[in-house]
Structures are given as structure tokens and as C-alpha cells.
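Structure first, then comments.
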Amino acid sequence: MTRILVVDDEAQIRAALARALDARGYEVDTAADGEEALDRVATGSPDVVVLDLNMPVMGGLEVTRRIRAWSSVPILVLSVRDEEPDKISALDLGADDYLTKPFGVGELLARVRALLRRTDAAAEKAPPVFRMGSVEIDMGAHRVSRAQEPVHLTKTEWALLESFVAASGKLLTHRWLLEHVWGDGYGDDVEVLRVFVSQLRKKIEPDPQRPRAIITEPGVGYRWSVRPVAEGA
Amino acid sequence: MRRGPGGDGSRARGRAYPQVMGMTRVVDLLREPARPKRRTAGYVIALVGPALLVLVFLPFREDLQPLTIGFAFLIVVVAAAAVGQLGPGILASIVGFIVFNFFFLPPYDSFVIARAEHVVALFVFLGLSVLISALLARAVERADAAEAREAEIRTLQELSRDLVVQGPGEETYRSLLENLVESFGFEAGALLLQEEGIGLVEKLSVGAPAGSLSPSWNPADPGRPPERLPLSVGNRNLGLIVLAGPRAPLSASESRVLRAVSDQLALVLERDRLLRTATDAEIFRQTDRVRRNMLAAVSHDLRSPLAAIKASVTDLMDPEVERNDTQRDEVLRTIDAETDRLDALVANLLDMSRIEAGVLEARPESVDLLELVTAEVDSACTRWPGIRIASQIDGDHAIVEADPVFVARVLSNLLDNAAKAALRTGHPDIEVRVGRHGDGVAVRLIDHGDGLDPLAREQLFYPFYRLEERTSKLGPGLGLAIARGFVDMMGGELWVEDTPGGGATFAFSLPAAVRS
């Protein structure tokens, strides 16, 4: 059974989330502060951590930092609207996604499923194939085609695409992408990233104006949101 | 000077009195010194001195050298010049010249001079006398001038000491004005300041009824026009000092001192104005900070119940989840409780803004606390199911003069805070005590929670000041601030004590109802 750890200092939010997740067949564990959260992650080995950013004593940022020191459990950060800088810091520190309070249970469950899928996919290791309309992306064969015609991707575009696919469903911050694809010291060149993402979208999105694969999270980063087709190449 | 019956004023004068005494002496020096008297004395010496010398030396004029007698006349010249300066010195020279020639240069008792060397001696005497008179006169004049300057500076120092030593404020200006009026022999004085958009406004006056001293002067008025000292710094005209009274026109040195004093006062006024501006800016900055903290805290406190409600509602809306009645009931109860919490918060915020805007007004009436407290305790018990509240009410001292709506809000806010503290620490017992307190009635809410940290104590008085940005939550601040605002409006007091054995006791007092 999938186990989810809910960390929030507000008792009624813990209770509401626990009830909703429980009703959908997840096993729920809760923690009311940072210390307790670290404890539960260590002893309960949850599959996903839902973590509130704004907590007294030890905030969500610090909890993320400490969890990442020894665990790669997916972390979904909860924040309110005016905590953008904290949210981005949390993602840079290794959180996988975020949700802004208040949110619907449906959205929370979708994000949780996406995070769980990512760990499953990583476990499978088979190079995925994506198909969107007339566009087909075969990561294993290193090939992209549009209406049967091969599309050429530059080295950087490939690196970018691979970063996205490898972290499918995870929200990647501008800084992380820049440092991962371009290297250290490029972390602030958000414009460069924007140009390359736009080029990549023209090549791989069926409708580059309405991207389906590379989703923009305004002010934060991008997320790969297409699921691979079942057949592997 | 004995003006005005005011207790304050006499205290101020009492402090200023010794200085004024010292100053009166100093200012006397400023009034044209005793020069005319000394001049007359000089002339007397110039006339009487030679006559005395004639009387003394006449019997021996045959035995003495004319030169010796000439030296004696020189002494008279020096004395006359030293006492009466140039005029008497010259007079003594001329008189000496004539008398010396007439009585002591042979042939005697005539202006004829027999020997050429005596002619030389006589004119050397005249030249020397005039030279000495001139030199002495200049020296004395310089000494006088230096003394006068020193007197001016001392007067100025005395007058401006208050400005420098005392803090900014009307008291300082008043004591300066009193000193000016008194030490310069005026009768009344007023300080008029330039107010933006209005013009000159009288700030304070001494020795005359407020507003009676006009800066403009009616030429038909038999008295002298009042002295007007403009106060200005750079191009800014700050106002005017008006001094009136039956006294001689100001001497040059008095005007100089008064001008210097008014310049200093102008600088001090400008300093005080800038100080006020700086203080206002600081207050604004802090208010702004408090507002930002409060906004963050309010948005957090509003979103938390909203988040729980939204999660619960979307949970219920999902048709795919199987749920029994108990589970459905639980979700609904969460929504209900969170809606109440939101409502209470919104009510508190509205109250707070009404208190701050000053639009709320207490409508005191006779209120029986026995009834009111019991009702509030009952409703708190339903709001906080895990809490046990015991009340102990002295029925003889439970009728107060208060606004029942306000009292209810104060009680529910304090009960909520106590309940939260109790739940947080797992000591679910709360006590409410009502009893006599001085002339009034006090209500005490006693919890056995974790007590008050110093921060919370401070928050009681400055509810949002210390809110940290990272954990921006209102905490008990808002409810306490409102309770305090309400109690204040009803003429009571709100305070906090430590509960013996741990926990906090919040108490407030209300005036007892007047028995009709």
C-alpha cells in the first residue's frame, strides 16, 4: 500500500488531508512539525511527503534540506500565494513539486500520482517513447519525427529534452535546468532557457502555441507532463 | 515678576529666577554705561587739578625747577585722560599749558617767557600732554569696548542656555521669552509662528493676555511701537518675537544681543520642526512594518481554514469515493468548524478596524455578568469540545455598567485563547471567576497551559509589532488587542497574571453599575 506522510502544523488541514487520502486507499501518516516529520520519514519510509512550508521552529525549507541529505523520497510542498521565493528555494533544494493553498483534493491526488509514477518509471529503466498527434519521440533510439519526417534536435536541445523526460512529472526550476544542461554559473540566464524551450517546443509539440509536453509554471520553471506510450522501442 | 496664577508657570519661573537675577546685572552693562559721569569727573580733575597745583607750588616756585613743576602738571593730564578720556585730557593739557606758563615760568604772573629753553619746555609739555591723553583715551575706549562685548556675549549665553539645555517644546520657548521680557525691561512678549496656509499664529505670550499683543502697530497709539524680531533660517521665515513695554529705544548692543537670540531661537525652532518630521517618519515606517506583518499574518490565518474547507469540499464532491455516513459526517463537521473559525476571524478583523478607525462606541447599560458569563461559557464549551470550564461567580458583585455586546466579545476572545492554550498543553481545565475588584468588578480567566512568554505579554500591548515574517500567524494577538480595545472603551482595564503553578490568567475589570 502506498504510504503518504502529511506534514502541517495546522491540525485541521492535517485531518482533512488525512481523511481525503485515507478514503482513496492511501495509508496516511501525519506530523505536526519539522522534527516529527524527519522522524517519520526515517522510521515510516513514506512513498510521498506532503510538506507545509510555513511552520514554526523548523520550516519546510529546512525539512526539505535535511530529508534530501539522505533520502530521495518525492516531496510535494504546500505553500500560500505570497511565499513564491520559499517555494522556489524548496524546489531548488530538491522538492519535487508544489501546490498553492487552498487546493482541491483532486489536484493533490493528481500530483501525488505523478510523483509516484516518476519513481515507478525510474525503477523500470526502459527508455520511453512518447506520441502526441503526429509527433513521436523515441528516447531510446534518439529520434524525433513529425508526420513521419525526422526532426533534427541540436545537442543542447537533446540534453534539455532528456532532463525533462528523466524527471517526468517533476517540476524543474529554471536554476536547476540551467545548471544541469548548461553547467554551473549559468543559473541566472533564464532568457537563454526560455529561448531553447521555445525552440524545442516548435520541434516536438504538435501545437507549440498550446504546449502539452513542456508545461510552464510561471515564475518557477517547467514540467514534463506526457506519459510514455506502453510499447518500448 | 509675578504674572499669572498658573502652577506650571510659577514652577518654571522659580527655576529661571536665579538666572534672571544674574542677567539683570549683565544687561545693565548693556544700557549705555556710566561714561558721562566719568567724563564729568575728568573735566573736574582737568580744572581743579591745576588750581590745586598752583596753590601747593606757588610758595616754592622760586626754589623749584620749572621742569619739575611741569611733570606735576603731566600727572594731572594723565589722571584726567584716564578718568574722562580724550576731552578732559586735552582740557587738562590746555589749562596746564596756560597755568604753567602764567605762574611758573619767569617772568612770573605773565604770559611772557624770558628764556628760549622755557619756550621749548612749555611746548614739549603741551605736545606730551596731548599725546598721552590720546593714547590713554584709546586704551580706555578699547577696554570699554571689550568689556561691552563680553557683557553682550555673557547675556547671550545666559539667554540661550535654556534653548540648548532644555528639550524641545513650548516650556523652553516660554522660559526664553520670559527671560527676554524681564532682562530687557519690557512688559510683555509674544512668540508668533508662521503656520502653513494660515499665516502668523500666536504660539504663546507672557505678561499680556493671549492674543492681545499685535505685531502691527497703530500709529495713533500713544505708546512706543513694539520691538519686532523676525525669526528666520535661510530663506524660511519661521515667525516673529514681539516685545512691548515702556522703555527707552534699544541700544546698539542690546539690538545685537536680541538679534543673536532670535537667530538662535529660529535655529532651535527649525531643529524642533525637523525632529518632529523625523519622528513622524519613524512612526510611519514602524506602522508600515506592522501593517505588512499584519497583512501576512491575516492572509495566513484566512487561508488555513480556507485550505481545510476546500480540501474537505472537493473530497466530498468526488463521486468515486465510497463513504459511509460517519465518514461523511466527519468531513462536514470539519467544514462547519472551519467556517466558524473563518467567521470569528473576519469578525475580529472588522472589530479591529472599527476600533482603530474610532467608529465604535460603547453603549453602557446595567449588565448582569452572571447571565452573560454563563452564556459565553456554554457556547465556548460547544466550540471547544475537549475543554472543561468551571465558573465561580459572586452574585453580589456581578452587576456592571458595560456594553453587553462588547463584554460578550471580550469573553469569547479570552475563552478562545484560553482554550487554545489548554488544548496545546493538554490541561483542559479553565476557570472563570467573577468578583469584586476595588470599586468595580473583575473577571478572571485562569488556564493551566504553558503560560505567557515575554513575547506574548508584549503582544498584548503591541499586537502585531513583533510578528516574525517566517511564521506569520496572528496567534493570540488579534483577539487580545480587540479585548483590550473593548475593555478600554468601557472604562475598564485588561491585564495578565501568571497562574500559580503554571499557566496564564487574563483578567479585566469593569465599573460596577450605579444602583438606582
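The values are calculated or read from the model by the stated rules, or taken from the named source; none is laboratory data. The shown structure was predicted, so the numbers you read here are calculated from the model rather than taken from an experiment. Here Cβ is always computed from backbone atoms with ideal geometry, including for glycine, and neighbour counts include all displayed protein chains. We work out accessible area using only protein heavy atoms, side chains counted, and drop any ligands, DNA or RNA first. Shrake-Rupley method; radii C 1.70, N 1.55, O 1.52, S 1.80 Å.
Out of curiosity, is A:A69 under 19 Å from the mean Cα position of the chain (by Cα), open to solvent by 60 Å² or more (accessible area, probe 1.4 Å) and among the hydrophobic types (A, V, I, L, M, F, W, C)? Steps first, answer last, please.
On the way: under 19 Å from the mean Cα position of the chain (by Cα): yes; open to solvent by 60 Å² or more (accessible area, probe 1.4 Å): yes; among the hydrophobic types (A, V, I, L, M, F, W, C): yes.
When the stated conditions are applied, A:A69 passes them.
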Check: Where residues in region A:34-61 are within 14 Å of chain B (Cβ to nearest Cβ) and surrounded by fewer than 17 Cβ atoms within 10 Å (Cβ to Cβ), which of them is nearest to A:M1 (Cα to Cα)?
Finding: A:M58
Next item on the list: Output the residues belonging to region B:164-202 that are surrounded by fewer than 19 Cβ atoms within 10 Å (Cβ to Cβ) and among the β-branched types (V, I, T).
Entry: B:V164, B:V165, B:I198, B:V201
Note to self: Among the numbered criteria (1) modelled with pLDDT under 90; (2) within 21 Å of B:R39 (Cβ to Cβ), which one does B:L131 miss?
What the structure shows: (1)
Notebook entry, point to check: Looking at B:R276, B:R354, B:R323, B:R289, which one is facing another protein chain (nearest Cβ under 8 Å) and basic (K, R)?
Noted result: B:R323
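It is to be established whether one or more residues within region B:238-254 are within 14 Å of chain A (Cβ to nearest Cβ) and buried (at least 17 other Cβ atoms within 10 Å of the Cβ).
Here is the first cut: in region B:238-254, the residues within 14 Å of chain A (Cβ to nearest Cβ) are none.
No; the residues of region B:238-254 include none that is within 14 Å of chain A (Cβ to nearest Cβ) and buried (at least 17 other Cβ atoms within 10 Å of the Cβ).
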Item checked: Which numbered condition A:I88 fails, given (1) assigned to a helix (DSSP H, G or I); (2) more than 14 Å from chain B (Cβ to nearest Cβ); (3) under 17 Å from A:G34 (Cα atoms); (4) open to solvent by less than 60 Å² (accessible area, probe 1.4 Å) -> (3)
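Surrounded by 14 or more Cβ atoms within 10 Å (Cβ to Cβ), closer than 30 Å to B:L306 by Cα and under 19 Å from the mean Cα position of the chain (by Cα): is that true of A:A114 in this structure?
Values: surrounded by 14 or more Cβ atoms within 10 Å (Cβ to Cβ): yes; closer than 30 Å to B:L306 by Cα: yes; under 19 Å from the mean Cα position of the chain (by Cα): yes.
Against the criterion (surrounded by 14 or more Cβ atoms within 10 Å (Cβ to Cβ), closer than 30 Å to B:L306 by Cα and under 19 Å from the mean Cα position of the chain (by Cα)), A:A114 qualifies.
Picking from A:R131, A:R118, A:R143, A:R65, which residue would you name as being touching a Gly at 6+ places or on another chain (Cβ under 6 Å) and of a type in the set (D, E, K, R)? Even if it seems obvious, please write down each step before you answer.
Numbers: A:R131 fails: touching a Gly at 6+ places or on another chain (Cβ under 6 Å); A:R143 fails: touching a Gly at 6+ places or on another chain (Cβ under 6 Å); A:R65 fails: touching a Gly at 6+ places or on another chain (Cβ under 6 Å).
Being touching a Gly at 6+ places or on another chain (Cβ under 6 Å) and of a type in the set (D, E, K, R) holds for just one of A:R131, A:R118, A:R143, A:R65, which is A:R118.
Out of contact with any Cys (no Cβ under 9 Å at 6 or more places or on another chain) and either part of a strand (DSSP E or B) or free of Cβ contacts under 8 Å to residues at least 60 places away in the same chain (or both): which single residue out of B:E401, B:E361 fits that description? Let's see the steps before the verdict.
Working: B:E361 fails: either part of a strand (DSSP E or B) or free of Cβ contacts under 8 Å to residues at least 60 places away in the same chain (or both).
Answer to the selection: B:E401.
Listed residues B:A297, B:A311; which is out of contact with any His (no Cβ under 7 Å at 6 or more places or on another chain), farther than 30 Å from B:E196 by Cα and touching a residue at least 60 places away in the same chain (Cβ under 8 Å)? Step through it out loud before you land on a result.
On the way: B:A311 fails: touching a residue at least 60 places away in the same chain (Cβ under 8 Å).
Exactly one of B:A297, B:A311 is out of contact with any His (no Cβ under 7 Å at 6 or more places or on another chain), farther than 30 Å from B:E196 by Cα and touching a residue at least 60 places away in the same chain (Cβ under 8 Å), namely B:A297.
Given B:P385, B:P305, which one is within 14 Å of chain A (Cβ to nearest Cβ) and not in a helix (DSSP H, G or I)?
On the way: B:P305 fails: not in a helix (DSSP H, G or I).
Result: B:P385 is the single residue among B:P385, B:P305 that is within 14 Å of chain A (Cβ to nearest Cβ) and not in a helix (DSSP H, G or I).
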Next item on the list: For region B:286-345, name all the residues that are among the β-branched types (V, I, T), open to solvent by less than 30 Å² (accessible area, probe 1.4 Å) and modelled with pLDDT under 80.
Entry: B:V298
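Restricting attention to region A:13-22, which residues are open to solvent by 30 Å² or more (accessible area, probe 1.4 Å) and in contact with a helix residue (DSSP H, G or I) (Cβ under 7 Å, 6 or more places away or on another chain)?
Looking only at region A:13-22, we keep the residues that are open to solvent by 30 Å² or more (accessible area, probe 1.4 Å), and these are A:14-15, A:19, A:22.
Hits for region A:13-22 are A:A15, A:R19.
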Next item on the list: Might you let me know whether region B:331-342 holds any residue that is more than 10 Å from chain A (Cβ to nearest Cβ) and under 30 Å from B:L510 (Cα atoms)?
Entry: yes
Next item on the list: Could you please find all residues in region B:99-123 being open to solvent by less than 80 Å² (accessible area, probe 1.4 Å), without any contact (Cβ under 8 Å) to a residue 12 or more places away in the chain and of a type in the set (A, V, I, L, M)?
Entry: B:A114, B:A116, B:V119
Item checked: Filter result (open to solvent by less than 60 Å² (accessible area, probe 1.4 Å), away from chain B (no Cβ under 12 Å) and closer than 25 Å to B:S304 by Cα) within region A:72-85 -> A:P74, A:I75, A:L76, A:V77
Check: Which one of the conditions (1) assigned to a helix (DSSP H, G or I); (2) modelled with pLDDT under 85 does B:E62 fail to meet, given that it meets all the rest?
Finding: (1)
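Check whether at least one residue in region B:162-178 is aliphatic (A, V, I, L, M) and within 30 Å of B:G84 (Cβ to Cβ), and report yes or no. I'd like the intermediate steps shown before the answer.
So in region B:162-178, the residues aliphatic (A, V, I, L, M) come out as B:163-165, B:176-177.
Then keep just the ones that are within 30 Å of B:G84 (Cβ to Cβ); that gives none.
Checked region B:162-178: no residue is aliphatic (A, V, I, L, M) and within 30 Å of B:G84 (Cβ to Cβ).
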Notebook entry, point to check: Any chance region A:91-99 includes a residue that's in a strand (DSSP E or B) and within 9 Å of chain B (Cβ to nearest Cβ)?
Noted result: no
Notebook entry, point to check: Looking at region A:186-196, is at least one residue surrounded by 19 or more Cβ atoms within 10 Å (Cβ to Cβ), over 23 Å from A:S145 (Cα atoms) and not hydrophobic (A, V, I, L, M, F, W, C)?
Noted result: no
Check: How many of the residues in region A:1-37 are hydrophobic (A, V, I, L, M, F, W, C), closer than 21 Å to B:L332 by Cα and not in a strand (DSSP E or B)?
Finding: 9
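Is it true that A:E179 is modelled with pLDDT of 90 or more, part of a helix (DSSP H, G or I) and among the acidic types (D, E)?
Values: modelled with pLDDT of 90 or more: no; part of a helix (DSSP H, G or I): yes; among the acidic types (D, E): yes.
It is false that A:E179 is modelled with pLDDT of 90 or more, part of a helix (DSSP H, G or I) and among the acidic types (D, E).
Working only within region A:73-85, note down all residues that are in a helix (DSSP H, G or I) and either in the same structural domain as A:G221 (by TED's automatic domain parsing) or touching a residue at least 12 places away in the same chain (Cβ under 8 Å) (or both).
Looking only at region A:73-85, we keep the residues that are in a helix (DSSP H, G or I), and these are A:81-85.
Answer for region A:73-85, where residues must be in a helix (DSSP H, G or I) and either in the same structural domain as A:G221 (by TED's automatic domain parsing) or touching a residue at least 12 places away in the same chain (Cβ under 8 Å) (or both): A:R81, A:E83, A:E84.
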